[in-house]
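The structure under discussion appears below in the form of structure tokens.
The values are calculated or read from the model by the stated rules, or taken from the named source; none is laboratory data. Just so it is clear, the model here is predicted, and its values are computed rather than measured. Counting neighbours? That spans all protein chains shown, and the Cβs are built from the backbone with ideal geometry, glycine included.
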Amino acid sequence: MSTGGVDAILSRIERRLVIRRLLVFAGLGVAALTAYFGTGFLGGRPVPDIVRFAQFDFFVAEFVKYLAPNFVDFTRLTQQEGIGGWLAVWVSVTNPSTIVETALSLRSSLLVSSVVITLSIGIVGTILGFPLALFFGVLGSERVTPFPFNFLFRGVMSTIRAIPALVWVFIFAALVPLSPLTAMLAVATDTIGNLGRLFTDELEEIQEGPIEAIRSTGASRGQVINFGMLSQVSSSFVAWTLYILEINTRIAVSLGVVGAGGLGQYIQTNLNLFNSFRAGAGLITLLFLVLSIELLSSRLRARLRPEEDEGRGVVDVLRDLADPDRWLGRVERS
């Protein structure tokens, strides 16, 4: 190729790079303008009011309060004895019986009880929603239910997802008084839509080979679905369920803010009473709870990667979760 041809190619490449950079800058400019004017459209004012330098010192003073939390409500013992600060946590840890007693009392005015209520809402809600999520998720796949009948099940899941859990809790409040039970029903309903859709998407990506192999043996339709389809995604189903459980725990906290009980209600109550130190204790407890669940969930999902357990049953996958060698990485991967 001549020198002129090479120069022409380089020139075209440079022009494309310049055009691409201009498009990137133009896109950033459009995004910035949209955010700027959108803030004013939604009721806020532009940048000067958002910053509020005059109130910045007040904000810092209030934030510092949360760094010195008062755990006086950690357990029933610390509340009755008036033991506050971080000492309350130490006293409770060194007296495990008071933690158990507080956990069983299910009082939203105590931190340990609030954590138990929040976890119960998330866990039980996920368990209750799982069967229907599996039902709608499997039947919503075109591999199981032919088009367009599968969209009947997809439509149900889409309708559920269109309504946030925060709205579901008020819908159920018309039937059951606003309480942790109402929040649990809202989480269960939300799980059907979100988890079911994930199940449907997983089934759309399975391989045809195992399905044809099972079908060639003369297996029934149910056996083909069970052994040819679900066996390919059993690990992914468990992993997605753990992921939704992690999300549901966060949702349970937000539902508590509107009065459905749990850790969210504890924080909101103390904020309304201007008990910044106790609200700070609730926020730190919330941070610890969320990080613990996320670390445990991510570790469990790491043990359930499809390439590690492909084609295995759900029972086998769950059994391997108790294998310490897999957790410590001592098992050789094929």
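Anything in the stretch 182-213 that is among the polar types (S, T, N, Q) and either in a helix (DSSP H, G or I) or not assigned by TED's automatic domain parsing to the domain that holds I127 (or both)? List them, or say none.
We begin by selecting, within the stretch 182-213, every residue among the polar types (S, T, N, Q); these are 182, 189, 191, 194, 200, 207.
Within the stretch 182-213, T182, T189, T191, N194, T200 meet the criteria.
One line per residue, one yes/no per condition, for (1) over 18 Å from S114 (Cα atoms); (2) assigned to a helix (DSSP H, G or I); (3) of a type outside the set (S, T, N, Q):
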{"residue": "R215", "(1), (2), (3)": "yes, yes, yes"}
{"residue": "G218", "(1), (2), (3)": "yes, no, yes"}
{"residue": "N226", "(1), (2), (3)": "yes, yes, no"}
{"residue": "L230", "(1), (2), (3)": "yes, yes, yes"}
{"residue": "S234", "(1), (2), (3)": "yes, yes, no"}
{"residue": "I251", "(1), (2), (3)": "no, yes, yes"}
{"residue": "S254", "(1), (2), (3)": "no, yes, no"}
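Can you say whether I284 is of a type in the set (V, I, T), out of contact with any helix residue (DSSP H, G or I) (no Cβ under 6 Å at 6 or more places or on another chain) and either under 22 Å from G84 (Cβ atoms) or in contact (Cβ under 8 Å) with a residue 12 or more places away in the chain (or both), as far as the supplied structure shows?
Numbers: of a type in the set (V, I, T): yes; out of contact with any helix residue (DSSP H, G or I) (no Cβ under 6 Å at 6 or more places or on another chain): yes; either under 22 Å from G84 (Cβ atoms) or in contact (Cβ under 8 Å) with a residue 12 or more places away in the chain (or both): yes.
It is true that I284 is of a type in the set (V, I, T), out of contact with any helix residue (DSSP H, G or I) (no Cβ under 6 Å at 6 or more places or on another chain) and either under 22 Å from G84 (Cβ atoms) or in contact (Cβ under 8 Å) with a residue 12 or more places away in the chain (or both).
Anything in the stretch 141-158 that is at pLDDT below 80 and of a type in the set (K, R)? List them, or say none.
Once the filter is applied, which keeps residues that are at pLDDT below 80 and of a type in the set (K, R), the stretch 141-158 yields only R143.
Looking only at helices (runs of 4 or more DSSP H) that lie completely in the stretch 263-334, which have at least 2 residues being at pLDDT 70 or above? Show your work before the answer.
Working: elements: 263-272, 276-302, 306-309, 314-320, 324-327.
The helices (runs of 4 or more DSSP H) meeting that bar are 263-272, 276-302.
I'm trying to understand the selection: among the residues of the stretch 131-164, which are outside any loop (DSSP other than H, G, I, E, B) and farther than 22 Å from I251 by Cβ?
Across the stretch 131-164, the qualifying residues are V138, L139, N150, F151, L152, F153, R154, G155.
Among the residues of the stretch 136-155, which ones are in contact (Cβ under 8 Å) with a residue 24 or more places away in the chain and either surrounded by fewer than 18 Cβ atoms within 10 Å (Cβ to Cβ) or among the basic types (K, R) (or both)?
Answer for the stretch 136-155, where residues must be in contact (Cβ under 8 Å) with a residue 24 or more places away in the chain and either surrounded by fewer than 18 Cβ atoms within 10 Å (Cβ to Cβ) or among the basic types (K, R) (or both): E142, R143, R154.
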